Amino acid sequence: MKNKFMARALELARQAALEDEVPIGAVVVDTTTDEIVAEAYNQSQHVSDATAHAEVEVIRKACAKLKQNRLRGFDLYVTLEPCTMCAAAISFARIENLYFGAEDKKGGAVLNGVKFFDAPTCHHKPKVFSGILAEESSLLLKDFFKQKR
């Protein structure tokens with residue numbers, strides 16, 4: 001089941017790449033129904049907004065759709081380890097479980113970098129599961145940036 005949701009996040013990441021956005025996709029899933037309630041991919045280039053990362057976009061969409069500012073009982077699937085900004089948004093939204101594909105040794109903030117969820121100032125720490133379709137996620141990013149060089 002987890003691979004199904006990450007596979008959808010990968011499809012969204014591929015769509016981002018086609019639109020010349022960094023290929024990261026994300027979905028929010030209702031844990032009680034196992035249904036996707038929102039999906040998004042990076043939009044920073046197209047909307048000229050540095051905060052338009054896939055995680056922030058999908059959290060905004062889910063909250064708007066559900067008319068609530070917290071996502072207790074919801075999981076987030078994202079193709080790359082979240083950065084500090086996105087980890088903070090995940091914490092503030094009270095995401096239950098975070099599933100991600102590839103680790104980001106340079107910009108990640110969950111298993112790498114600042115390890116945001118381990119900080120004493122973090123209000124909520126989701127359960128974290130990494131490595132889901134990691135090779136596919138990593139390859140997509142590597143191919144995207146190889147074409148940019």
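The values are calculated or read from the model by the stated rules, or taken from the named source; none is laboratory data. What you are looking at is a predicted structure, and each value in this text was computed from that prediction instead of being measured. With ideal geometry, Cβ positions are generated from the backbone for all residues, glycine too; neighbour counts draw on all protein chains shown. Heavy atoms of the whole protein, side chains included, go into the accessibility calculation; ligands, DNA and RNA do not. Shrake-Rupley method; radii C 1.70, N 1.55, O 1.52, S 1.80 Å.
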Does the stretch 96-110 hold any residues that are touching a residue at least 40 places away in the same chain (Cβ under 8 Å) and either in contact with a helix residue (DSSP H, G or I) (Cβ under 9 Å, 6 or more places away or on another chain) or crowded, with 21+ Cβ neighbours inside 10 Å (or both), and which are they? Tyr99, Gly101
Flag for Arg60 being part of a loop (DSSP other than H, G, I, E, B) and either open to solvent by 10 Å² or more (accessible area, probe 1.4 Å) or in contact with a Pro (Cβ under 9 Å, 6 or more places away or on another chain) (or both): no
Which residues, counting only those in the stretch 72-95, are within 19 Å of Phe5 (Cβ to Cβ), in a helix (DSSP H, G or I) and open to solvent by 10 Å² or more (accessible area, probe 1.4 Å)? Ala89
Can you work out which of the residues in the stretch 111-143 that are under 16 Å from Ile24 (Cβ atoms) and of a type in the set (Asp, Glu) is surrounded by the most Cβ atoms within 10 Å (Cβ to Cβ)? Glu136
Residues being more than 17 Å from Arg94 (Cα to Cα) and open to solvent by 10 Å² or more (accessible area, probe 1.4 Å) - total across the stretch 10-35: 13
Scanning the stretch 1-38 residue by residue, those among the acidic types (Asp, Glu) and over 14 Å from the mean Cα position of the chain (by Cα) turn out to be Glu19, Asp20, Glu21, Asp30, Asp34, Glu35
Go through (1) closer than 22 Å to Glu19 by Cα; (2) surrounded by 15 or more Cβ atoms within 10 Å (Cβ to Cβ); (3) among the polar types (S, T, N, Q) one by one and return the number of the condition Thr51 breaks. (2)
Among residues of the stretch 111-148, those that are among the small types (Gly, Ala, Ser) and either in a loop (DSSP other than H, G, I, E, B) or touching a residue at least 60 places away in the same chain (Cβ under 8 Å) (or both), counted: 4
